[in-house]
Amino acid sequence: MRRMRFPALDGLRAIGAVAVLTTHVGFQSGDALNGPFAGLLSRLDIGVAIFFAISGFLLYRPHVVAWFEETEPPHLLPYLRNRALRILPALWIAVILAALLVPNDKPVDWVYYLHHAFFTQIYVNGPTVHGLTQLWSLAAEVSFYLLLPFLAKLLTSYERPTRRAVRWRLAVLFGLTLLGPIWMGSITATGNPLAGLWLPGYIGWFAVGMGFALWQVARASGRLNPSLLDTLVKIPGTVWGIAVALFLIASSPIVGPYGLSLPSVGQAVMKSLLYTGIAACVVFPAITPTRRTVAVLGGKAGHFAGDISYGVFVYHLIVLSLVQQIFGQTLFGGSFAALFWPTLAASVAVAAVSYYGMERPIMRWGRKDRSYDVSGVGRESSANAQPKRIDDWTKPEVRPAPPSGQG
């Protein structure tokens, strides 16, 4: 089984980035708090769950392939190097720009900017650093990056990938999806909001993608028999319809208030569960895509959008602050439309310049690969319904495992 790229995920990364941008514009304008579409706008932070599920799928899958093929898993140092090359350049530029361009309500010491630059802000109490508040999710994701090699070893070692072994590991990953709701309910009950930003509260979203990675490889290799999931593959519209229905439920007060008030324990648990289900329904059709799905999400537009989605995520709050300053919009007192379109357009422009002018050259230099793209280079003239055989995100350096009994 060869390593493959999944082009339909490109468009989903872009959708996740735009969702996060939209919910922040809604918050800053006040429409996500008390506007006519407050419920929909406030729950578009679902983009974070989509990001996490995609990361879980793409980063865990090389370990599963190595397990099935009895080869060495991705090496730790190249894996960490590639992750650093992907996220650090744009992050550090964003931290500098926020320090220079985005005013804060109160003076902020430079130490708190360093916390954001090195993913430690979710572990310390400190002032709000405007322009960088969305980076809590990146800090949680980096925690997953560090955990993944060890978690993958636990899940792919000690026995051969038999049908029973695959089913057992799928059950373990399903169990991890329940850890997030339990954690968030406990944190809400004990009144420790800072811990609500830590990885245990979101490990279930990563586990969704990890479970899909294991299922996809197992089905492709014949380790699992056809199931209901194979039927759902053929009706992606129905699966996405379920995601929309779950999102509408999540947009009601059942998962908590739209404003800054704290949710109840039950609301916190319900939000985590619903977001897990939504992420699963959004991502699943893209890992086993129909030709039309690939054409829509993985064509040239999707490829471009997937490439710059990280930049949109990292820079958009800085852009939003500048748009507010230029148009004289006040916090909670602006116009959503007047903020959204300039913020989206400028964020896309800044992200494109960042990606093509800095991020991609640095990744190509660090990987020693002059053709590398985050989303893979779409050389085919037409979209292919099957995942392209181009390595994505991690470029694991897989070598045959030594014979049994040798070091």
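The values are calculated or read from the model by the stated rules, or taken from the named source; none is laboratory data. Computed from a predicted structure; not experimentally measured. As a convention, Cβ positions derive from the backbone with ideal geometry for all residues, glycine included, and neighbour counts pool all protein chains shown. Areas reflect the complete protein model, heavy atoms only, side chains present, ligands, DNA and RNA absent. Shrake-Rupley method; radii C 1.70, N 1.55, O 1.52, S 1.80 Å.
If only residues of the range 124-144 that are touching a Phe, Trp or Tyr at 6+ places or on another chain (Cβ under 8 Å) and of a type in the set (Ser, Thr, Tyr) are counted, the one that is farthest from residue 197 (Cα to Cα) is 143. Identify the residue in the range 17-33 that is aliphatic (A, V, I, L, M) and touching a Phe, Trp or Tyr at 6+ places or on another chain (Cβ under 7 Å) and, among all such residues, is surrounded by the most Cβ atoms within 10 Å (Cβ to Cβ). Here the residue is 25. Any idea which of (1) in contact (Cβ under 8 Å) with a residue 60 or more places away in the chain; (2) on the phi < 0 side of the Ramachandran plot; (3) buried (at least 16 other Cβ atoms within 10 Å of the Cβ) is the one residue 95 doesn't satisfy? Evaluating residue 95 over (1) in contact (Cβ under 8 Å) with a residue 60 or more places away in the chain; (2) on the phi < 0 side of the Ramachandran plot; (3) buried (at least 16 other Cβ atoms within 10 Å of the Cβ) leaves (1) as the failure. Filtering 180, 191 for residues that are at pLDDT below 95 and among the small types (Gly, Ala, Ser) leaves a single hit, 191.
From the list 385, 352, 301, 295, the one residue that fits, being farther than 16 Å from residue 22 by Cα, out of contact with any Leu (no Cβ under 9 Å at 6 or more places or on another chain), open to solvent by less than 50 Å² (accessible area, probe 1.4 Å) and modelled with pLDDT under 95, is 385. For residue 63, the criteria (1) open to solvent by 40 Å² or more (accessible area, probe 1.4 Å); (2) touching a residue at least 60 places away in the same chain (Cβ under 8 Å) hold in every case but one, which is (1). Helices (runs of 4 or more DSSP H) fully within the range 25-80 that include at least 1 residues being modelled with pLDDT of 95 or more: 38-42, 46-69.
The single condition among (1) under 30 Å from residue 71 (Cβ atoms); (2) open to solvent by 50 Å² or more (accessible area, probe 1.4 Å) that residue 191 does not satisfy is (1).
Of the candidates 224, 176, the single residue that is outside any helix (DSSP H, G or I) and buried (at least 19 other Cβ atoms within 10 Å of the Cβ) is 224. Counting the residues of the range 179-188 that are crowded, with 20+ Cβ neighbours inside 10 Å and either among the hydrophobic types (A, V, I, L, M, F, W, C) or in a loop (DSSP other than H, G, I, E, B) (or both) gives 3. Figure legend. Inter-residue proximity from the range 350-368: first residues more than 16 Å from residue 91 (Cβ to Cβ), second residues surrounded by 15 or more Cβ atoms within 10 Å (Cβ to Cβ) and basic (Lys, Arg), beta-carbon distance below 7 Å, spacing 6+ or different chains. Indicated pairs: 367/395.
Within the range 219-253, the set of residues being without any contact (Cβ under 8 Å) to a residue 60 or more places away in the chain and in contact with a helix residue (DSSP H, G or I) (Cβ under 6 Å, 6 or more places away or on another chain) comprises 232, 236, 239, 242, 243, 246. If residue 273 satisfies every condition in (1) of a type in the set (A, V, I, L, M, F, W, C); (2) open to solvent by 20 Å² or more (accessible area, probe 1.4 Å); (3) closer than 30 Å to residue 362 by Cβ but one, which is the exception? Every condition holds for residue 273 apart from (3). Taken across the range 277-289, residues that are surrounded by fewer than 18 Cβ atoms within 10 Å (Cβ to Cβ) and assigned to a loop (DSSP other than H, G, I, E, B) do not occur at all.
Taking first residues from the range 316-335 that are in contact (Cβ under 8 Å) with a residue 24 or more places away in the chain and closer than 14 Å to residue 27 by Cα and partners that are part of a helix (DSSP H, G or I) and open to solvent by 50 Å² or more (accessible area, probe 1.4 Å), the Cβ contacts under 8 Å between residues at least 6 apart in sequence or on separate chains come to 317/133; 321/101; 334/327.
Restricting 206, 144, 118 to those that are within 20 Å of the chain's Cα centre (by Cα) and open to solvent by 50 Å² or more (accessible area, probe 1.4 Å) reduces the list to 118. Checking each residue in the range 34-60 for being among the aromatic types (Phe, Trp, Tyr) and open to solvent by less than 10 Å² (accessible area, probe 1.4 Å) picks out 52, 57, 60.
Is there a residue being in contact with a Leu (Cβ under 9 Å, 6 or more places away or on another chain), in a helix (DSSP H, G or I) and within 23 Å of residue 45 (Cα to Cα) anywhere in the range 190-198? Taking every residue of the range 190-198 in turn, at least one turns out to be in contact with a Leu (Cβ under 9 Å, 6 or more places away or on another chain), in a helix (DSSP H, G or I) and within 23 Å of residue 45 (Cα to Cα).
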